[in-house]
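In what follows, a single structure is set out as structure tokens and then discussed.
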Amino acid sequence: MVDFTVGYWVQMAVGVVSNLAINWLFEWRSRRGARPGQPGRSTRAGSRWLWAVPALVAALAVTAWGAFWLGTHAGTEQPTWAESGSQNTGPSGNPGGSGDGAVQFELPARPVLATGSEHSLAVAADGTVWAWGNNSGGQLGDGTTTGRLAPVQVQVMNDVIAIAGGFGHTLALRRDETIWAWGWNRYGQLGDGTTTVCLTTPVQVQGMNDAIAGGGYHTVALRRDRTVWAWGQNQDGQLGDENRTDHLIPVRVQGISDVDAIAGGGYHTVALCSGTVWAWGQNQDGQLGDENRTDHLIPVQVQGISDVDAIACGEYHTVALCSGTVWTWGRNDKGQLGDGTTIDRSTPVKVKGISDVVAIAGGGSHTVALCGDKTVWAWGQNVFGQLGDGTTTNRSTPVQVQRMNDVVAIAGGSGHTLALRGDGTVWAWGRNNEGQVGDGTIIDRSTPVRVQRLPHMGP
């Protein structure tokens with residue numbers, strides 16, 4: 001469902017969805033290896049700030065299959081974009097590196113893309129939310145349950161600074177720090193205290209503000225005090241409150257604090273804490289990364305990985321970004337771990353053949369990465385063309401998405417992928433049975449096509 005580096009973006013999700021907001025920004029790690037420091041101050045030489053903390057309200061959005069960092073200038077009405085430098089370190093011809101020195105990025109300083117299982121989401125420059133694809137549960141928020149082949153505006157939603165998508169529900173964080181949700185609600189994932197089957201227009205989540213993230217049928221939030229809260233389905237312990245009881249309103253995740261970022265998988269949840277990764281919920285494929293396959297009702301630490309910059313989730317796998325390299329664990333039946341095999345892993349393995357990565361996103365059974373040269377690479381399931389390489393062949397190592405350059409943001413859905421280019425246009429590829437690609441058809445696409453009828457997405 002994308003996930004991006006701290007201070008840059010961390011994108012979409014689910015394994016599925018997650019999106020959040022926090023009131024601090026973490027320092028941008030330099031390409032020479034510095035990892036994000038503590039909120040509000042620089043802790044290492046060689047690191048630099050992407051945005052000054054006192055001037056900004058930041059949001060970290062994580063969607064069903066990924067995550068990204070967001071930020072808006074306090075008191076402003078329009079989204080801000082920030083410029084960042086990155087150093088290409090990969091050799092010429094390798095993913096992420098051309099050997100030609102620094103690349104200048106002009107990045108969205110707030111979330112603009114997210115995905116659900118079969119729907120897609122975008123926040124326009126004016127703070128309105130647009131959605132397209134499957135709408136059987138009202139997840140497009142237009143007051144109907146009619147699917148849409150091109151974007152429609154979500155009703156009564158403006159001043160939005162973060163979005164997230166679950167399997168069939170959607171979340172938004174507004175500038176006033178209220179959280180709103182709509183779509184399927186069988187397990188209470190909308191957080192309004194009910195299990196009304198579906199809601200076709202937004203309702204306010206009870207007792208929550210500051211941040212949002214979405215899982216399959218559950219939702220997660222990161223509050224300003226850096227505690228994590230969750231609600232919705234809990235049959236696998238994905239809410240982290242030491243039981244398997246569904247909750248219609250937020251409950252606090254136990255045994256974890258000082259959290260920097262969150263991501264939601266299909267039936268598991270992940271948190272980033274000062275460079276370490278913690279996970280809870282379903283673990284049948286090793287997606288919690290603790291060397292076994294036992295579900296956990298409270299967070300456990302992922303083994304064999306540290307100095308992590310960003311996290312993302314697929315439906316049954318987890319992704320981490322460490323100093324430009326990508327690490328994965330969990331289910332690998334389609335090659336989504338990118339290690340050249342289809343063997344499930346219960347501890348992290350390094351993705352082969354890719355470096356200088358600045359952003360990551362998890363799809364249902366595929367994974368996506370944005371490199372420092374602004375190219376996009378993908379691996380895993382490709383039966384619908386979601387890898388964007390012009391084929392429908394699964395890949396166990398990264399392949400480059402065709403005709404995609406100058407990309408500044410990515411997101412992964414169950415079987416489709418989104419990208420935002422520097423000119424403000426949104427592109428999509430992969431499964432399109434519900435119109436989630438947004439090109440006005442229901443034809444699957446193995447190479448990127450432009451999403452139709454979106455308002456201005458750029459600065």
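Pairing residues of the stretch 274-286 that are under 20 Å from Asp333 (Cβ atoms) with residues that are among the aliphatic types (A, V, I, L, M) and not in a loop (DSSP other than H, G, I, E, B), at Cβ distances under 8 Å and at least 6 apart in sequence or on separate chains, gives Ala279/Val270; Ala279/Ala271; Ala279/Val300. Residue count for the stretch 208-225 satisfying the condition of being at pLDDT below 95 and either in contact with a Cys (Cβ under 9 Å, 6 or more places away or on another chain) or not in a strand (DSSP E or B) (or both): 6.
Just wondering, is there one or more residues in the stretch 308-319 that are surrounded by fewer than 24 Cβ atoms within 10 Å (Cβ to Cβ), at pLDDT 95 or above and in contact with a Gly (Cβ under 8 Å, 6 or more places away or on another chain)? Looking through the stretch 308-319, none of the residues is surrounded by fewer than 24 Cβ atoms within 10 Å (Cβ to Cβ), at pLDDT 95 or above and in contact with a Gly (Cβ under 8 Å, 6 or more places away or on another chain). In the set Thr397, Thr417, only one residue is part of a strand (DSSP E or B) and over 23 Å from Ala213 (Cα atoms); that residue is Thr397.
Of the residues examined, Ala271 is not one that is at pLDDT below 95, farther than 21 Å from Lys334 by Cα and of a type in the set (Gly, Ala, Ser).
Filtered by the rule that a residue be farther than 22 Å from Leu190 by Cα and surrounded by 20 or more Cβ atoms within 10 Å (Cβ to Cβ), the stretch 257-278 gives Val259, Asp260, Leu272, Val277, Trp278.
Looking only at the stretch 272-307, residues that are of a type in the set (D, E, K, R) and under 19 Å from the mean Cα position of the chain (by Cα) come to 0 in all.
Only one of (1) in contact with a strand residue (DSSP E or B) (Cβ under 8 Å, 6 or more places away or on another chain); (2) surrounded by fewer than 24 Cβ atoms within 10 Å (Cβ to Cβ); (3) not β-branched (Val, Ile, Thr) is not met by Ala181, so which one is it? Answer for Ala181: the failing condition is (2).
Against the test of being modelled with pLDDT under 95 and part of a loop (DSSP other than H, G, I, E, B), the options Gly424, Gly440 yield a single qualifying residue, Gly424. Within the stretch 236-250, does at least one residue satisfy the condition of being touching a Leu at 6+ places or on another chain (Cβ under 6 Å), at pLDDT 95 or above, within 19 Å of His296 (Cα to Cα) and charged (D, E, K, R)? Scanning the stretch 236-250, I find at least one residue that is touching a Leu at 6+ places or on another chain (Cβ under 6 Å), at pLDDT 95 or above, within 19 Å of His296 (Cα to Cα) and charged (D, E, K, R), so the answer is yes. Would you call Ala263 in contact with a Cys (Cβ under 8 Å, 6 or more places away or on another chain) and not in a loop (DSSP other than H, G, I, E, B)? So Ala263 passes the test. Evaluation of Gly422 against the conditions (1) surrounded by fewer than 21 Cβ atoms within 10 Å (Cβ to Cβ); (2) closer than 29 Å to Asp290 by Cα shows that the sole unmet condition is (2). Entry remark, the stretch 361-382: residues being in contact with a Lys or Arg (Cβ under 8 Å, 6 or more places away or on another chain) and either over 18 Å from Ala409 (Cα atoms) or hydroxyl-bearing (Ser, Thr, Tyr) (or both) number 4 in total. If you go through the stretch 95-128 and keep only what is surrounded by fewer than 24 Cβ atoms within 10 Å (Cβ to Cβ), in contact with a strand residue (DSSP E or B) (Cβ under 8 Å, 6 or more places away or on another chain) and either closer than 16 Å to Cys198 by Cα or modelled with pLDDT of 90 or more (or both), you end up with Ala124, Gly127, Thr128. Considering every residue within the stretch 165-174, establish whether at least one is at pLDDT 55 or above, under 22 Å from Ala230 (Cα atoms) and among the basic types (Lys, Arg). The answer is yes; a qualifying residue exists.
The values are calculated or read from the model by the stated rules, or taken from the named source; none is laboratory data. Worth saying up front: this structure is predicted, and the values here are computed from it rather than measured. No Cβ is skipped: glycine too gets one built from the backbone with ideal geometry, and neighbour counts run over all protein chains shown.
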